[in-house]
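A short worksheet on the structure shown next.
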Amino acid sequence: MFQRMPDRIGDQVTFTFDGKSIMASAEDSVAAALLAAGVRSCRTTPVSGAARGPYCMMGVCFECLVRIDGVGNRQGCLVQVREGMRVETQDGAHALSAEAAR
């Protein structure tokens with residue numbers, strides 16, 4: 001469904017999503033890189049556990065929430081992918097630490 005135009009590939013970086021190595025264009029957001037790699041779901045809802053994936057691609061809908069390098073509730077569409085980044089599916093609500101809740 002999503003395909004990169006051949007003249008827009010540019011420099012490549014490698015990151016992981018749920019332990020799987022993925023190559024992406026260095027200019028991509030995490031959400032765009034996941035879509036280009038065929039990943040359609042990057043989180044589950046807290047109530048029903050339904051799968052969700054990137055939708056608006058501009059930070060409005062919060063459907064692309066992922067855990068990036070151990071930090072949850074990151075909007076994948078607003079974070080540029082970088083070499084060695086570790087991205088994981090966010091399952092349900094991300095628990096805030098006591099320090100973050102203050």
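Where a number appears in this text, it was derived from the coordinates with a stated rule and is not lab data. All figures in this text were calculated on a predicted structure; none of them were measured in a lab. Using ideal geometry, Cβ is built from the backbone for each residue, glycine included, and neighbour counts are taken over all protein chains shown.
For Arg86 paired with Thr45, estimate the spin-label separation in nm (one decimal), with each label point 7 Å from Cα along the Cα-to-Cβ line.
Going from the Arg86 label point to the Thr45 one covers 3.0 nm.
Quick check: from the Cα gyration tensor, does the stretch 13-90 come out rounded (a/c under 1.5), prolate or oblate?
The shape class here is prolate.
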